[in-house]
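The values are calculated or read from the model by the stated rules, or taken from the named source; none is laboratory data. Note that the structure is predicted; figures quoted are calculated from it, not measured. In this analysis, Cβ positions are derived from the backbone assuming ideal geometry, glycine residues included, and neighbour counts consider all displayed protein chains. The protein model used for the area step is the full one, side chains on, heavy atoms only, and it has no ligands, DNA or RNA in it. Shrake-Rupley method; radii C 1.70, N 1.55, O 1.52, S 1.80 Å.
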Amino acid sequence: MLDPRRLRVLREVAIRGSFSAAAEALAYTQPAVSQQIAALEQETGTRLVERGVRPVRLTDGGRVLLAHAEAVLARLDEAQQELGELAGLRRGRLRLASFPTAIATLVPQAVARFRQRHPDVDLIMLDDHGHRLIPRLARWELDLALIYDHQALPEPEVELERTHLLDDPFDLVVPDRHPLARRASAALEELADHTWIGGTPDGAYGRIVLHSCRAAGFEPRLAFGSDDYQAIQAFVAVGLGVAILPRLALTHHRPGIASVALADPPVRRIAAARLAASFRSAAAASMLSVLRETAETYRASLLDA
C-alpha cells in the first residue's frame, strides 16, 4: 500500500518544481524529499520524476499517480476533519465555492451572516466558473458549491445533494434606443432576425442561448461570443447586437442598455450542492441555512424586477 506521506511529498514537488522548494514547504531536508520520492518510485515500480531539469517535471507515470494522490489526500483530509469534529477537537472548516454571478450578488451577504454567527469557523471562499465546480466537488476539494442547472446542460457524472436556492430567469438585453427597450415584455421569436451576442459554444451560457433560440424556432446569428456578462452588456450598449442574460447578472445595469422581460423566459435553477457521499459538517449545515435565508431576499427582488 502506498504511503500517504510520500504522496504528499510528490504533490509538493509537482507544485513547487524542485526538491528544495518542496523540502522548505514540508519542513523537510532536501535529502529527505529525495529519499521519499525514491521510496515511492520503488513502491510503484515506476520512475515518477524527471531529474536534472528545471523546473522538475513529473513523468507520465508521475502525473497519473498525482491525479489519484489528489483524490486520496482529499479523502483523508475529509476523514480527519469529520473525526476531529465528532471528537470536539476542531472548531470547523468550510470550503465554499461559487460561479461568478452569485459570488458578486448572493454570496457576500451570506458569508457576512455566516461570519457573524460562526466567527471561529475557518471559511475558505473560492471563485470559479460553473463547469469546474462539480469536478472540484468530485475531487473532494470543496464542501459546498453554488451551481446552476438548465435543460440545455448535461447532468453531472457524480451524485450530488442539492439545496434549491432560487430560480433565475433570463431577460432580453437591448440597446436603450432599441424599439423594444420601452416594452414591458417581448417574445424571443421577435428577435429572430437580429444579430446576437452569445456565449462560447462549449460554455454553459452559450448552450443556454442556443437552446433557447432554437426552442423559439430560429438559429441565432451570433456575431460575438463571450461568457463575461459585463462584456456582453458592453457589446449590446454600443449597438453590436442583442442578448439574453440571467436576471441576477443584471443586478448592476451597464449604461446604454435596457432589459426587457421575456414572455416565456429560460430559467436557470441555482442550488447549493455537496457531494452526496461527503460528510455534512455542522458548518456546512449552517451555511446551507444562511444561503436559503439570503436567497429568499433575492428571490423576491428577481420576481419583482
*Among the candidates Ala138, Ala237, Ala243, Ala223, which residue alone is in contact with a strand residue (DSSP E or B) (Cβ under 7 Å, 6 or more places away or on another chain), among the small types (Gly, Ala, Ser) and over 22 Å from Val260 (Cβ atoms)?*
Ala138
*Which of the residues spanning segment 142-159 are in contact (Cβ under 8 Å) with a residue 12 or more places away in the chain and open to solvent by 30 Å² or more (accessible area, probe 1.4 Å)?*
Tyr148, Asp149, Gln151, Leu153, Pro156, Glu157, Val158, Glu159
*With (1) without any contact (Cβ under 8 Å) to a residue 60 or more places away in the chain; (2) open to solvent by 60 Å² or more (accessible area, probe 1.4 Å) as the list, and Arg139 as the residue in question, which single condition is left unmet?*
(1)
*In segment 258-305, how many are aliphatic (A, V, I, L, M), open to solvent by 20 Å² or more (accessible area, probe 1.4 Å) and farther than 27 Å from Ile208 by Cα?*
3
*Taking segment 223-243 as the search range and keeping residues that are surrounded by 19 or more Cβ atoms within 10 Å (Cβ to Cβ) and of a type in the set (Gly, Ala, Ser), which one is nearest to Tyr298 (Cα to Cα)?*
Ala243
*Taking strands (runs of 3 or more DSSP E) that fall entirely within segment 240-293, which contain at least 3 residues that are over 20 Å from the mean Cα position of the chain (by Cα)?*
257-262
*Can you run down the residue pairs with Cβ atoms below 6 Å, 6 or more apart or on separate chains, where the first is in segment 213-234 and more than 11 Å from Thr195 (Cα to Cα) and in a loop (DSSP other than H, G, I, E, B) and the partner is open to solvent by 30 Å² or more (accessible area, probe 1.4 Å) and among the acidic types (Asp, Glu)?*
Ala216/Glu189; Gly217/Glu189
*Inter-residue pairs, beta-carbon under 8 Å, first within 29 Å of Ala234 (Cβ to Cβ) and of a type in the set (Gly, Ala, Ser) and in segment 258-280, second open to solvent by 40 Å² or more (accessible area, probe 1.4 Å) and in a strand (DSSP E or B), 6+ apart*: Ala261/Ser185; Ala263/Ser185
*Go over the candidates Pro220, Pro255, Pro246, Pro201 one by one and state the one that is more than 26 Å from His129 (Cβ to Cβ) and either of a type outside the set (D, E, K, R) or open to solvent by less than 30 Å² (accessible area, probe 1.4 Å) (or both).*
Pro255
*For segment 172-186, which residues satisfy the criterion of being of a type in the set (Gly, Ala, Ser), part of a loop (DSSP other than H, G, I, E, B) and surrounded by 13 or more Cβ atoms within 10 Å (Cβ to Cβ)?*
Ala181
